[in-house]
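The values are calculated or read from the model by the stated rules, or taken from the named source; none is laboratory data. Computed from a prediction, not measured in an experiment: that's the story for all the values here. No Cβ is skipped: glycine too gets one built from the backbone with ideal geometry, and neighbour counts run over all protein chains shown. Surface areas here come from the heavy atoms of the whole protein model, side chains and all, with no ligands, DNA or RNA. Shrake-Rupley method; radii C 1.70, N 1.55, O 1.52, S 1.80 Å.
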Amino acid sequence: MVQKYALALAIVAVAGGEASASGYKLTILQDVGGQRASEAFGINDNGQIVGVSPTAIGNFPATYPGVEAVLWSSAGTGTVLKDVGGNGNSFAIGINNSGEIVGSSWTAYGSTEAVLWSSTGVGKALQDIGGMSNSQALGLNASGQIVGYSATVIGTDAVLWSSAGVGTVLQDVGGGGSSAAYGINSSGKIVGTSSPPTGGVDATLWSSTGVGTTLQDVAGQRYSVARGINDAGQIVGDAVTGSNSDAVIWSSAGTGTVLEDLGGLGFSQAIGINASGEVVGRTKTASGLDATLWSSTGVGTDLANVLGGNWTDTIAYAINDQGDIVGDGSYLGSFDTGFILTPVTTAVPEPSTWAMILVGFAGLGFMGYRRALSREGGARATT
C-alpha cells in the first residue's frame with residue numbers, strides 16, 4: 001500500500017469531449033485517520049475538498065471504529081474538523097465557495113446532529129426540528145442556506161436551515177410523512193425525495209419558498225431520487241427500474257432524460273452536477289462499479305480508464321465548475337481511498353505561433369540542405 005497519499009500522477013485520457021482538457025492529474029487524498037482509507041464527498045471552486053477519514057477511535061456502527069470529518073486542500077493535505085457531538089465521529093459532505101462546510105456529528109448517545117462548520121473549522125449543531133435528536137445536513141449554497149433532514153416519530157422531514165442554524169420543514173409533497181433534501185442552488189431551489197402514502201419515493205423539487213413538486217417519473221416505477229441541482233436549475237439523480245437504476249438529468253421544467261449507460265448492464269447513478277451541466281456518478285460495467293463523467297450532452301466517460309488498473313469499485317461524488325472531480329474507490333485492494341482528478345489542459349499555440357514554428361522548421365530544413373551541399377562539393381544531397 002502506498003503510504004504517501006498526497007501523490008500526484010499524470011494520467012492521459014480523453015475527458016468525455018468536454019472543454020479542452022486532454023487528461024487529468026490524479027491526487028490521492030491524505031489518510032488523516034491512520035486507517036489507510038478516506039472518502040471524498042464534496043468540492044468547491046477553490047479546490048477545497050470535504051469527506052471522511054476513518055480512525056481507530058470512536059463508536060461508529062460500521063466497518064470502521066470511527067470516522068472524522070476532514071477538509072483537504074487541492075494538493076491532498078487533510079485537516080480534521082472539530083467533533084461537535086463529542087462521540088468522536090463526524091462526517092463532512094458539502095462545502096461552498098466561502099469555505100463553509102456541512103455534515104453531521106454523532107452525539108454521546110449515538111444519535112446524529114446536523115452540523116455547520118465555519119471556514120475556520122469551528123462547528124455548531126443546527127436546530128433539531130423533528131424533536132428526535134437525529135438530523136443530518138447534506139447540502140448548502142453560496143448564501144449559507146443548508147438542507148438535509150430531521151427525524152420525526154413517523155419518518156423524516158426535509159429541512160431548510162438558515163445560515164444562523166434555524167430550521168424550517170419543507171412541504172411534504174408525497175403526503176407519506178417522509179422526505180429528505182439533498183441539494184440547494186444559489187436561487188434557493190431544493191431537490192430531494194418525498195414518499196407517497198402508497199409507497200415508493202419521488203424525486204422532488206422545492207421552490208425557494210418551500211413549495212414542492214414531484215419530478216417526472218422517467219422509469220415509471222415510482223422510485224426516483226434527486227441528488228443535485230445547479231444554478232441553471234438542472235437536476236440530477238436516478239430512477240429505479242426493477243432491480244436496476246438509470247442515471248437521470250431533469251430540466252428546470254422537471255422533464256427527465258436518461259444518461260448514457262456505459263456498461264450496458266442497466267445500472268447507473270448520477271450524483272453531482274456543475275454549472276456547465278457536466279454530471280458525475282457511477283455505472284456498472286463488466287469490471288464492476290466505475291466512476292463516471294457525463295458531458296453536458298449526456299455522453300459518458302468511464303473514469304476507471306483515467307484512474308488506472310490499481311483502482312476498483314470507484315465512484316465520483318462531485319464536480320466543480322473547473323471540472324475537478326472527487327470521489328473514492330478501492331486502491332491496490334485497500335479500503336476506500338479518496339481522490340481528486342484535476343483536468344490537465346494542453347495549450348494550443350496561437351496561429352501566429354504556429355506560423356513561427358513552421359518558419360523555424362523550414363529554416364532548419366534549409367540549413368540542413370546547405371550543409372549537405374557543402375559536404376558533397378555542391379552536389380545536390382540525396383536521402
Using the Cβ atoms and a cut-off under 13 Å, what net charge is assigned to the surroundings of residue 239, where Lys and Arg are +1 and Asp and Glu are -1? -3
Expressed per residue, the solvent accessible area of the range 72-123 in Å² (1.4 Å probe) is about 37 Å²
Relative to the compact-globule estimate 2.2 N^0.38 Å (N residues), the Cα gyration radius of the range 88-151 stands at a ratio of 1.03
Have a look at the range 128-208 and give its Rg and Dmax from the Cα atoms, expressed in angstrom. 11.7, 37
FRET efficiency for residue 163 and residue 287, Cβ-Cβ distance as r, R0 = 41 Å, nearest 0.05? 0.40
Surface accessible to a 1.4 Å probe, per residue, for the residues of the range 218-311, Å²: 37 Å²
Any chance you could run the full-extension gain for residue 344 through residue 97? It's 0.36 nm times the residue separation minus the Cα-Cα distance, nm to one decimal. 86.7 nm
Is the shape of the range 172-263 rounded, prolate or oblate, going by the alpha carbon gyration tensor and its root eigenvalues a ≥ b ≥ c, with a/c under 1.5 for rounded and a/b larger than b/c for prolate? oblate
